[in-house]
Amino acid sequence: MKNGIEIFFQNLGDADSIFVRTWKNDIPTNILIDGGYRKDADQVSTFVGERLLETGSDQIDHLVCSHCHDDHAGGLVELVNERHFRIGQAWVRDLRGDRSVLSLSRVSQLSMSQAKLVLEKLERSEKTRIELLEGLEKYYPDTIISEPFYGEEIGPLIVLGPTYEFFQQQYSKFDDRAFVTQLEARYQKRNQLAASSSTEKPLGDYVSPENEVSTILAYPFNEDGNEKVYMLTADAGREGLNDVIYRYGSALKNVRWLQVPHHGSRRNLDEQIIAKLAPETCFISCAGNIKHPSVKLVNKLKHYGTVYSTHYCVDSNSWLRQSAGKVFNLSITPATPLYEK
Ligand SMILES: [Zn+2]
């Protein structure tokens with residue numbers, strides 16, 4: 001009888017699409033978390049089709065949007081519009097109407113602060129969010145749309161964060177002129193310079209509020225009599241992760257498997273968080289460029305366990321897989337751990 005979890009990490013460069021298949025007494029639950037960029041939609045769709053076929057299903061039981069940045073939500077918009085699969089339940093934060101993050105006053109504030117790039121990025125995310133929600137409502141009228149906030153359960157996955165309060169607190173940073181100026185300067189610098197080496201910079205730095213509110217998920221699993229946790233983090237930063245660690249405390253001490261947040265950026269984890277989580281196995285979805293993954297971060301994680309990255313996959317159509325428990329025996333090639341010095 002199958003009981004356990006399989007996590008598939010697609011190789012899309014600095015973008016996420018993760019397929020999770022859990023088993024309980026031989027019954028599978030199929031979960032898709034993010035869909036990469038819009039351009040990745042065909043690859044994601046083919047991949048999901050293959051995974052569903054393995055269990056004779058045509059339904060994604062849970063479709064999860066971790067946050068609305070292009071590299072996570074873009075492909076989901078395409079996938080929803082293509083309508084290849086049935087969708088049981090969709091998980092997207094609905095920030096339309098009076099919950100919109102782009103109130104008239106905020107937009108005019110950001111314009112006045114000359115925060116052009118910050119505003120553009122926010123507007124793009126919100127456009128993606130609306131397209132995704134409207135696509136779901138139009139093509140999947142029977143699909144329940146829920147919001148992935150703390151306390152919810154996405155099938156067998158637990159939403160650790162963000163809380164609604166944390167979410168609001170993060171977005172209120174866009175009303176802080178000093179913060180917005182700092183973020184705008186960073187975006188400008190990123191646009192001007194070719195990526196410079198980040199090896200000398202320390203781990204841990206601020207990240208955008210939109211990344212901080214990424215959905216953080218956990219799958220608790222009993223392995224050899226020990227309660228272990230599998231943890232998915234999308235692009236969450238230190239504030240989001242510390243909020244979760246604060247609320248869950250010792251329940252997160254046995255992290256068997258961790259998705260390294262934000263494509264292995266040096267900004268999203270620091271020594272304290274790594275020491276608290278002490279993950280046995282880490283997966284990174286990244287392009288393998290000068291910033292992603294951060295060599296310093298990888299070396300730090302290697303003190304605790306083994307680190308794998310999608311950029312070590314043999315080709316763009318391949319993927320990484322982690323499994324636990326009694327699940328499908330897919331005869332696949334073992335992945336090579338990262339060896340950067
Ligand atoms: Zn991302």
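The values are calculated or read from the model by the stated rules, or taken from the named source; none is laboratory data. The shown structure was predicted, so the numbers you read here are calculated from the model rather than taken from an experiment. Don't worry about glycine lacking a Cβ; one is built from the backbone with ideal geometry, like all the others, and counts go over all protein chains shown.
Rundown of residues vs (1) crowded, with 16+ Cβ neighbours inside 10 Å; (2) of a type in the set (Lys, Arg), yes/no style:
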site: Glu227; (1), (2): no, no
site: Tyr246; (1), (2): no, no
site: Trp257; (1), (2): yes, no
site: Arg266; (1), (2): yes, yes
site: Leu277; (1), (2): yes, no
site: Glu280; (1), (2): no, no
site: Ala287; (1), (2): yes, no
site: His303; (1), (2): no, no
- [ ] Within the stretch 55-90, track down each residue that is acidic (Asp, Glu) and within 16 Å of the ligand (Cβ to nearest atom).
- [x] Asp70, Asp71
Task: Residue among Leu157, Leu95, Leu193, Leu102 that is of a type outside the set (Asp, Glu) and at pLDDT 95 or above - done: Leu157
Open item on the list: Tell me yes or no: at least one residue of the stretch 18-31 is buried (at least 24 other Cβ atoms within 10 Å of the Cβ), within 16 Å of the ligand (Cβ to nearest atom) and not in a helix (DSSP H, G or I).
Closed with: yes
Open item on the list: If Arg38 meets every condition in (1) in contact with a helix residue (DSSP H, G or I) (Cβ under 6 Å, 6 or more places away or on another chain); (2) over 26 Å from Gly161 (Cβ atoms); (3) more than 15 Å from the ligand (Cβ to nearest atom) apart from one, which number is that one?
Closed with: (3)
Task: Where Val298 falls short, out of the listed (1) part of a loop (DSSP other than H, G, I, E, B); (2) in contact with a helix residue (DSSP H, G or I) (Cβ under 9 Å, 6 or more places away or on another chain); (3) more than 15 Å from the ligand (Cβ to nearest atom) - done: (1)
- [ ] Tell me, please, whether a residue that is within 21 Å of Gly155 (Cα to Cα), touching a Phe, Trp or Tyr at 6+ places or on another chain (Cβ under 7 Å) and surrounded by 22 or more Cβ atoms within 10 Å (Cβ to Cβ) can be found in the stretch 66-75.
- [x] no
- [ ] Write out, first by first residue and then by second, each pair whose Cβ atoms fall under 7 Å of each other, whose residues are 6+ apart or on separate chains, and whose first residue, in the stretch 203-226, is at positive phi while the second is more than 16 Å from the ligand (Cβ to nearest atom) and in a loop (DSSP other than H, G, I, E, B).
- [x] Gly204/Asp270
Task: Members of the stretch 231-265 that are within 11 Å of the ligand (Cβ to nearest atom), over 10 Å from the mean Cα position of the chain (by Cα) and on the phi > 0 side of the Ramachandran plot - done: Gly264
- [ ] For residues that are within 11 Å of the ligand (Cβ to nearest atom) and closer than 14 Å to Arg321 by Cα, tally how many sit in the stretch 1-15.
- [x] 0
Open item on the list: Pull out all pairs, ordered by first then second residue, where Cβ-Cβ is under 6 Å, the residues are six or more apart or on different chains, the first lies in the stretch 232-255 and is within 22 Å of Leu32 (Cα to Cα), and the second is away from the ligand (no atom under 16 Å from the Cβ) and part of a helix (DSSP H, G or I).
Closed with: Leu241/Ile273; Val255/Leu277
